[in-house]
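A quick write-up on the structure given underneath.
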Amino acid sequence: RYQIDWHEIKYPVEESEYFDFLIETPVPTEILRYYLGTKLIGVGWLDCLPELISSVYFVFDPEFESRRLGIFSLLYEIEYARFLDIRWLYLGYWVESSHKMNYKADFQPAQILKDSRWIPFKNQ
């Protein structure tokens, strides 16, 4: 439902695509589940390495869009990394023209990979 409502993908994602993208990875992956009572309203996937957590993907029930569950999950991931004493949380790629990724620029300090170098990222 998330793919159809949020990304306007008109075809169902095949189970094999899901496994290839989010489950069958060469690094340990953790799945975060967020509930409102007994209703599952969000799921996040994290790749976890000794010095880095990579926030791979997050999906949510579009009915709860106004709750900004992606931001909620990101705040939890920050606290989770602190709890594990992990210095780096990678938010994934950022596309300046994508309004759906604008929230990433709100979390500072940050760095961005440009020309194979990590440089300070300032939201312009």
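The values are calculated or read from the model by the stated rules, or taken from the named source; none is laboratory data. Here the structure is a predicted model, which is why all the values come from computation and not from measurement. Reconstructed Cβ throughout: ideal geometry from the backbone, glycine too, with neighbour counts over all protein chains shown.
The residue of region 24-39 that is farthest from the chain's Cα centre (by Cα), among those that are exposed (fewer than 10 other Cβ atoms within 10 Å of the Cβ) and part of a strand (DSSP E or B), is Y35. Just one of (1) modelled with pLDDT of 95 or more; (2) surrounded by 11 or more Cβ atoms within 10 Å (Cβ to Cβ); (3) in a strand (DSSP E or B) fails for F58. It is (1). Every test in (1) in a helix (DSSP H, G or I); (2) aromatic (F, W, Y); (3) more than 22 Å from V27 (Cα to Cα) is passed by W118 save one, and that test is (1).
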